[in-house]
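**Q** Before anything else, here's the structure in question.
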Amino acid sequence: MSRTADTPGGSSRQALAAGIGCYLIWGLMPVLFIAMGRAGASPWEILSQRVLWSLPWAGALVLLAGQGPQVLAVLRRPRVLATLCATTLLITANWATYVWAVNNGRNLEASLGYYINPLLAMAAGAVIFRERISLLGWCAIGLASVGVVLQALALGHPPYVSLVLAMAFCGYGILRKQVDADAQTGLFIECALLVLPGLALQLWLARHGPVLFGRSAGSSLLMATAGPMTVFPLALFAWAARRLPFSTVGFLQFIAPTIGFGVGLAMHEPMSPLRAVSFAFIWAGALVFIYGAWRAARILRKPLVQSPA
């Protein structure tokens, strides 16, 4: 008899728990990066430490899952490896932008990017995969677009941070979902591709100025936490995204930016009336998106009504 985790219900519950867990960690990530910045780490050092400490943790996950042979198999498949190179570039752009944003008082812009992301993913699905978007879907995209325009007016320039974060992570999710490799395998290869650039960056930073890592045992331990805090949510996301319906993943994606928005307010980032209105449009789009996803899932769950014999 199969275990509970192998049954559809057990697998769904585990995937849902993994999805919630990854977004809770991502939502709290700004707190860690702000603490590192206040301790004396630059955004570039935080990025390099994320890269360097992620590899051993990702390697441990591969060993625990017994996926060493799969790693070697992927390395012999140029097409899969090329796709993982592309996902590596996208996640690096996302990491670098996010770390810079939270350490420069841009948590609200960062949260806006992750509110936009699921709506952007819906639009990308229509353009790239020819998926059909419902009327509610177009309403959600329209409301979010108005919010982005108002945010640009409030800032005096396009919300570059928000757009880069949304586009990079949306692209990462699209490619990652198509990679013919398990979550741990793909993540390990991504980290391995980044380790040499990360080491070079850390050495360059150490040569041209003071760095936080190595200053004391406490500071080194603080920087080392970037490894598990990076690997675990990415592994949970990649695992859950392959097992959860699109509607469920879309709903969960609003957890992290809501926490990030709260962090931004707690840090007293500026919130003008126009900026508040822009977020109201974004939230309205998110609510329409959630309602549409819930209604679609409900329709799919309805049992077929058989006609009387």
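**Q** Per the helix-only calculation at 222 nm, which mean residue ellipticity applies to the chain, given -39500 (n - 2.57) for every DSSP H run of n ≥ 4 and division by its residues, nearest 500 deg cm²/dmol?
**A** After summing the helix terms and dividing by the residues of the chain, the value is -27500 deg cm²/dmol.
**Q** Let me ask you something else. Among 36, 267, 122, what is the fewest-to-most ranking by other Cβ atoms within 10 Å?
**A** Lowest count first: 267, 122, 36.
**Q** For 81, 55, 196, what's the fewest-to-most ordering of other Cβ within 10 Å of each Cβ?
**A** 196, 81, 55
**Q** Multiply the residue gap between residue 124 and residue 276 by 0.36 nm, knock off their C-alpha separation, and tell me the result in nm, one decimal place.
**A** 52.0 nm
**Q** Can you pull out the trypsin sites (Lys or Arg not before Pro) in the stretch 114-185 whose DSSP state is coil and whose Cβ has at most 14 other Cβ atoms within 10 Å?
**A** Here the trypsin sites (Lys or Arg not before Pro) that fit, given the DSSP loop and packing criteria, are 130, 132.
**Q** Would you order 243, 13, 207 from fewest to most other beta-carbon atoms within 10 Å of each residue's own beta-carbon?
**A** Ascending number of Cβ neighbours within 10 Å: 207, 13, 243.
**Q** Further question on the same structure: Report, in debye and to the nearest 20, how large the dipole of the chain comes out about its Cα centre when Lys and Arg carry +1 and Asp and Glu carry -1 on their Cβ.
**A** 580 debye
**Q** Where the Cα atoms of the stretch 98-201 are projected onto their three principal axes, how long is each span, largest first, in whole Å?
**A** 42, 37, 15
**Q** Using a 10 angstrom cutoff on alpha carbons, build the Gaussian network for the chain and name the most mobile of 24, 72, 120.
**A** 72
**Q** While we're here: Taking 41 Å as R0, compute the FRET efficiency from the Cβ-Cβ separation of residue 81 and residue 104 and round it to 0.05.
**A** 0.75
**Q** Rank 109, 190, 269 by mean-square fluctuation in a GNM of the chain with C-alpha springs under 10 angstrom and give only the top-ranked residue.
**A** So, out of 109, 190, 269, the one fluctuating most is 269.
**Q** Taking just the alpha carbons, could you work out the radius of gyration and Dmax for the chain, both in angstroms?
**A** Using the Cα atoms of the chain, the pair Rg, Dmax is 20.5, 82 Å.
**Q** Of 296, 218, 107, which is farthest towards the positive pole of the chain's charge dipole, taken about the Cα centre with +1 and -1 on the beta-carbons of Lys, Arg and Asp, Glu respectively?
**A** Value computed over the given set: 296.
No value in this document is a laboratory result; all are computed from the given coordinates. Everything numeric in this text was worked out from a predicted model, so none of it was measured. Here Cβ is always computed from backbone atoms with ideal geometry, including for glycine, and neighbour counts include all displayed protein chains.
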